[in-house]
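The values are calculated or read from the model by the stated rules, or taken from the named source; none is laboratory data. All of these numbers come straight from a predicted model, not from anything done at the bench. Note that we place each Cβ from the backbone using ideal geometry, even for glycine, and neighbour counts take in every protein chain shown.
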Amino acid sequence: MTPIEDELGEQVRRDFKAVKYFPFGNEPGAPFILTSDPFSYLQAWLDNKINRIKRDRKKQRSLLIKAKYFAELAEGFHNSSKEAKMPSKGTLIYYTFINLVKTFLLARNYDLETTMEHHGLSLPSNKKTQLKLTPIGNDGISIFHEFAKTIGVEINNGDGLEIKFDEILRELPEVHEIGYALNLFPNTKRKHLPIDIVIRTNKNRNRIYYTLAYEKKFDKIMKTDKLLKGVFKDKIYPIDCKSDSSKKYFRSNLIFNYTCNSSNSHKRAYKRICDDFKQLSINQMITRNGYRNYLNLEPSRMHRLSATLAFGYYIGTVARYRPTLNKEILKGRYQAVIQEAVSSCPNQFFYLLISHITNQICAIPMAKIE
């Protein structure tokens with residue numbers, strides 16, 4: 001046991017593996033699915049699900065066959081995008097995103113192909129950097145709205161029908177730092193706070209809770225005082241940690257009994273803790289060394305993956321319909337951040353969304369060298 005564990009509590013383990021937080025609906029202590037090709041893993045997972053269904057009373061097999069079709073489309077557009085250059089690359093990236101989103105919705109029992117489907121977003125001809133949300137009605141399915149609702153942060157049209165491009169970019173941890181370096185978000189502070197999350201237990205291993213920690217250096221560049229207010233105050237409170245003076249630590253208000261040698265108790269406890277995290281707006285970044293967690297200090301009305309989909313829609317729509325605007329954004333103030341997002345966001349989107357689809361933790365093998 002480390003000095004920090006001795007002071008704050010031992011990290012919870014199941015079958016000798018550390019139990020870590022992930023939002024994918026996975027089992028506690030689930031192993032990483034290491035794959036250099038997440039699309040191939042998704043295809044294999046769908047094939048396995050389809051082949052295991054013998055009696056299709058609820059039409060799940062039919063939905064999964066459709067999901068496989070859209071997954072194949074997504075992979076095809078992705079392969080084409082790797083050979084393309086901007087602006088055509090932007091269109092292919094969006095088609096990859098939207099088809100993978102349809103795979104996700106079908107895997108969540110949405111029966112697509114039965115009514116009119118629309119993107120849920122538009123770029124008005126008199127706007128340059130503002131998307132418009134499609135009003136929710138009874139004339140079909142808005143893919144953007146249904147995805148947002150199902151992934152966990154429902155879009156509220158009552159907050160306004162316009163989504164500014166800056167708002168979208170600020171929701172993407174992948175380009176957060178470069179956006180501030182280029183002064184694209186004046187009069188705001190950085191908001192994606194890197195945090196360590198540890199699910200802990202007491203010395204008797206019969207009580208479970210969690211801790212959050214961040215490096216003190218972020219106090220100067222972020223509004224970390226928000227951790228003492230609002231929803232954060234309802235969920236966590238500050239604690240001292242003498243074993244580590246470089247970080248600030250917080251402990252969950254949530255603490256409850258569990259049985260450390262019971263699989264059912266582990267599952268119930270893990271689900272309860274994951275539910276507690278939902279209101280804290282924690283984003284994951286996949287790296288070659290595993291996942292990193294970021295606490296969103298200023299959550300907007302969009303889930304991080306919804307923002308990625310909106311970004312794809314914007315660059316794809318500009319490429320198809322707005323040649324003058326395309327020249328402006330690719331050569332103007334957004335040039336570097338768009339290029340960075342085009343380079344880094346798709347792979348993040350693939351691994352994260354496929355993890356949500358499969359309820360597994362998909363990760364990049366360390367042996368993979370780009």
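Data table
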| item | result |
| --- | --- |
| Restricting the range 352-370 to residues that are touching a strand residue (DSSP E or B) at 6+ places or on another chain (Cβ under 7 Å) and surrounded by 20 or more Cβ atoms within 10 Å (Cβ to Cβ), the residue that is modelled with the lowest pLDDT | Ala363 |
| Test: residue in the range 41-63 that is touching a His at 6+ places or on another chain (Cβ under 9 Å), without any contact (Cβ under 8 Å) to a residue 40 or more places away in the chain and either of a type in the set (D, E, K, R) or surrounded by 14 or more Cβ atoms within 10 Å (Cβ to Cβ) (or both) | no |
| Among residues of the range 302-322, those that are touching a Gly at 6+ places or on another chain (Cβ under 7 Å) and outside any helix (DSSP H, G or I), counted | 1 |
| Residue check, Thr150 at pLDDT below 90 and of a type in the set (Ser, Thr, Tyr) | no |
| Selection from the range 130-152 of residues that are surrounded by fewer than 19 Cβ atoms within 10 Å (Cβ to Cβ), within 20 Å of the chain's Cα centre (by Cα) and not small (Gly, Ala, Ser) | Lys149, Thr150 |
| Residue tally, condition of a type in the set (D, E, K, R) and surrounded by 20 or more Cβ atoms within 10 Å (Cβ to Cβ), over the range 69-81 | 1 |
| Within the range 6-44, considering residues that are of a type in the set (Asp, Glu) and modelled with pLDDT of 90 or more, the one farthest from Gln348 (Cα to Cα) | Glu7 |
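One line per residue, one yes/no per condition, for (1) surrounded by 16 or more Cβ atoms within 10 Å (Cβ to Cβ); (2) free of Cβ contacts under 8 Å to residues at least 40 places away in the same chain; (3) outside the structural domain of Glu7 (by TED's automatic domain parsing); (4) under 24 Å from Lys20 (Cβ atoms):
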site: Tyr210; (1), (2), (3), (4): yes, no, no, yes
site: Met222; (1), (2), (3), (4): yes, no, no, yes
site: Asp225; (1), (2), (3), (4): no, yes, no, no
site: Ser245; (1), (2), (3), (4): no, yes, no, no
site: Tyr249; (1), (2), (3), (4): yes, no, no, yes
site: Asn257; (1), (2), (3), (4): no, no, no, yes
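Listed here are the residues, each with its yes/no results for (1) among the β-branched types (Val, Ile, Thr); (2) in a helix (DSSP H, G or I); (3) at pLDDT 95 or above.
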| site | (1), (2), (3) |
| --- | --- |
| Tyr294 | no, no, yes |
| Ser300 | no, no, no |
| Thr324 | yes, yes, no |
| Ile329 | yes, yes, no |
| Phe350 | no, yes, yes |
